[in-house]
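> This structure is in structure tokens; I'll ask about it shortly.
The values are calculated or read from the model by the stated rules, or taken from the named source; none is laboratory data. It should be emphasised that the depicted structure is a prediction, and the values quoted were computed from it without experimental measurement. Positions of Cβ are backbone-derived with ideal geometry, glycine not excepted, and every protein chain shown enters the neighbour counts. Surface areas here come from the heavy atoms of the whole protein model, side chains and all, with no ligands, DNA or RNA. Shrake-Rupley method; radii C 1.70, N 1.55, O 1.52, S 1.80 Å.
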Amino acid sequence: MSEQDEPDEVMTTKAERLSFLEEMSDVQRIKRPNKVDTQVPRELTPGHLERQRSAVDSPIKDRNPLTAEHVEPLKSHDVLAYQRPGIQHGVYKKLRLGQYQIEARLDLHRMTVEEARREVFGFISDCVRYGLRSVLILHGKGERNPDGIAQLKSYLAKWLPELTDVMAFYSAQKHHGGTGAVYVMLRKGDQDKLRNRERYGAKSE
């Protein structure tokens with residue numbers, strides 16, 4: 001049978017195979033697998049390095065305005081009293097007598113000064129956000145302290161006037177903790193009044 005009569009399955013002649021191998025003699029095998037390297041490390045630019053240095057060198061800003069320094073010491077039976085200008089006498093009297101409904105409480109017992117500082121700031125901010133007006137803070141009398149100083153009470157007397165949302169405060173009635181606690185009246189805007197009515201079903205004062 002001649003080469004022309006061979007079926008199509010015969011690929012090449014011996015001469016053609018030798019010619020193919022000769023043509024491919026300079027071709028080298030690819031040693032690396034044909035895959036994309038997805039773990040390329042990112043090169044840090046001078047801008048990245050500068051931002052990293054700034055983040056390390058810049059201390060976290062304390063947004064809490066309350067005094068962290070020493071304050072005038074108060075004793076267990078000292079009365080806390082404060083009235084911001086513009087607060088009506090009748091409103092302040094009602095606060096002193098504990099006649100407003102206590103809408104929230106904060107207990108500072110067994111806290112350090114720094115813990116209490118954070119808690120008071122956060123508590124007052126949250127109360128204003130939710131439209132609360134009359135709250136109670138229990139600070140203790142410090143009667144067990146050897147020097148008789150009521151430390152948290154002393155700081156609270158300094159902190160509360162530093163918060164512009166605090167309109168007035170006065171030491172609590174005996175059934176609410178006496179001189180170991182304080183009534184606090186907070187600012188409330190029109191939107192807060194409306195939200196407070198919807199939340200508590202009570203008329204604003």
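> Can you pull out every residue in region 104-122 that is open to solvent by 30 Å² or more (accessible area, probe 1.4 Å) and in contact with a strand residue (DSSP E or B) (Cβ under 9 Å, 6 or more places away or on another chain)?
Correct list: Arg105, Asp107, His109, Glu119.
> Taking region 131-176, which residues are within 15 Å of Gln101 (Cα to Cα), in a loop (DSSP other than H, G, I, E, B) and open to solvent by 20 Å² or more (accessible area, probe 1.4 Å)?
Hits for region 131-176 are Arg133, Gln173.
> May I pose another question? For region 80-103, which residues satisfy the criterion of being surrounded by 14 or more Cβ atoms within 10 Å (Cβ to Cβ) and within 19 Å of Leu138 (Cβ to Cβ)?
Within region 80-103, Leu80, Tyr82, Leu95, Arg96, Gly98, Tyr100, Ile102, Glu103 qualify.
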